[in-house]
Amino acid sequence: MSCMRLDPHSYTDSGQPQTRDIDLALRADFQHRMLEGEITLRFREPGGGAIDLDSRELRIDAVAALDGALLRYELAAAEPILGARLRVTLPAGARGLRIRYRTSPTASALQWLEPSQTAGKEPFLFSQCQPIHARSLAPLQDTPRIRITVGRARFKVPSRLRTLMAAAAKGREDAGGSEAVDLFEMPQPIPPYLLAFAVGDLERRELSARAAVWSERAVVDAAAYEFAEAEEMIRAAEKLFGPYEWDRYDILVMPPSFPYGGMENPRLTFVTPSVLVGDRSLVSVIAHEAAHAWTGNLVTNANANHFWLNEGFTVYAERRILEALEGRESAELHAAAGWHDLQVTLERFAARPQLTCLRTDLRGIDPDEAYSSVPYEKGYLLLRKLEETVGRPAWDAFLRSYLGRFRFQSITTDQFLEFLETELPGVAARAGALEYIDGPGV
Ligand SMILES: [Zn+2]
């Protein structure tokens with residue numbers, strides 16, 4: 001048995017049982033700003049002994065085997081970046097475990113909004129788990145290496161509100177009183193950072209047979225207008241990268257306090273309301289998040305050191321989609337703006353050149369602190385260089401076989417390079433790929 005940490009930002013140990021599937025049953029308590037309930041972890045293979053889970057600011061109430069027998073556990077002191085290791089002692093042959101817990105009002109994955117912070121008159125709750133905040137939502141193996149499906153997720157919420165999850169909706173049950181339970185399942189295996197949900201006064205407008213836009217009631221018509229071309233975008237992406245593997249493509253327009261332009265939660269992209277400009281001009285934000293359905297969500301970085309595999313590929317894919325929809329000039333304009341962003345970042349990181357390599361070593365560094373345009377724009381430059389080195393037809397064939405080879409897997413930079421060498425021998429060397437990957441700056 002080898003015992004090894006798989007990820008510098010997780011307590012997950014490769015010698016221990018690995019999670020394959022989870023259930024969630026959570027009640028959203030808006031008054032106390034906490035989720036309370038239960039997570040069930042089911043393992044890939046039965047195992048025994050210690051299992052180390054990631055957690056942050058969670059209160060653990062009980063840990064049990066799947067048959068209900070209580071298990072011994074130990075919650076270590078919190079480490080500033082990783083959070084607190086939760087070590088559970090499993091009986092031999094355990095197939096999973098169950099944990100009763102509650103989140104903290106300051107959980108880093110959750111934002112609880114007052115009605116005054118929304119477009120309407122109701123409160124709003126949403127999650128943002130990337131890069132390492134899923135552990136503040138539930139105790140689990142919080143590394144993209146370990147992909148999980150969700151057998152059943154149950155969110156008990158005030159019945160006048162609605163839960164949306166980045167998953168397949170399975171209906172609503174009356175929970176008595178003024179509460180209801182929204183049900184979901186997620187059949188495609190995802191890295192835990194793609195667990196996502198929102199609760200609010202949400203309404204929907206259909207965009208196509210598989211796409212819809214959701215938002216707070218007050219802005220839903222503006223949102224439907226802005227994103228009318230979502231289906232066209234998915235089709236353009238399918239032509240370039242192969243079939244869309246996630247069934248539905250919905251967009252959720254968030255309240256203004258959403259901290260990003262967009263977040264590529266599977267089946268349900270979260271976007272900032274600042275894209276509602278009324279002229280469909282911010283199509284690149286949706287092109288980017290839609291492209292993640294292939295690059296990032298289907299083929300995922302194994303850990304934050306390889307984040308460029310998510311974002312460099314996605315910026316490249318985004319600009320190919322824009323080129324298909326709007327022409328070469330539009331894509332080049334975005335590339336020029338990206339080049340400018342990159343120069344600004346390189347100046348900002350002048351004293352930390354190691355953070356301007358594509359492959360980073362983030363041991364002891366919070367991935368939120370290392371976040372910059374480098375993996376996005378320098379990653380784009382490398383992929384564009386590779387395209388120019390072999391020519392577009394050969395490069396496009398490579399991209400499709402790369403996405404097919406590693407679909408629903410989480411990989412490292414070396415795995416990408418090995419596959420590139422197998423498919424297109426000598427091209428990495430001709431393009432100077434390692435200088436981009438392990439060299440600082442551009
Ligand atoms: Zn992205």
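The values are calculated or read from the model by the stated rules, or taken from the named source; none is laboratory data. As the structure is a computational prediction, the values presented were derived from the model and not from experiment. Virtual Cβ from ideal backbone geometry, glycine too; neighbours counted across all protein chains shown. When the accessible area is computed, the model is the full protein with side chains, heavy atoms only, and any ligands, DNA or RNA have been set aside. Shrake-Rupley method; radii C 1.70, N 1.55, O 1.52, S 1.80 Å.
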With T40, T89 as the choices, which residue is over 25 Å from K156 (Cβ atoms) and among the polar types (S, T, N, Q)?
T89
Give me a count of the residues in the range 180-221 that are closer than 18 Å to F155 by Cα and open to solvent by 40 Å² or more (accessible area, probe 1.4 Å).
3
Examine the range 102-109 for a residue that is in contact with a helix residue (DSSP H, G or I) (Cβ under 7 Å, 6 or more places away or on another chain) and of a type in the set (V, I, T), and state whether such a residue exists.
yes
Looking at the range 244-324, what strands (runs of 3 or more DSSP E) fall wholly within it and have at least 3 residues that are within 30 Å of D414 (Cα to Cα) and within 15 Å of the ligand (Cβ to nearest atom)?
299-301
Check whether at least one residue in the range 38-56 is in contact with a helix residue (DSSP H, G or I) (Cβ under 7 Å, 6 or more places away or on another chain) and outside the structural domain of A84 (by TED's automatic domain parsing), and report yes or no.
no
So, in the range 51-77, how many residues would count as being surrounded by fewer than 14 Cβ atoms within 10 Å (Cβ to Cβ), of a type in the set (A, V, I, L, M) and over 14 Å from G96 (Cβ atoms)?
3
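Does K378 satisfy the criteria of being modelled with pLDDT of 95 or more and either closer than 26 Å to T143 by Cβ or not in a helix (DSSP H, G or I) (or both)?
Details: modelled with pLDDT of 95 or more: yes; either closer than 26 Å to T143 by Cβ or not in a helix (DSSP H, G or I) (or both): yes.
Considered against the rule, which asks whether it is modelled with pLDDT of 95 or more and either closer than 26 Å to T143 by Cβ or not in a helix (DSSP H, G or I) (or both), K378 comes out as yes.
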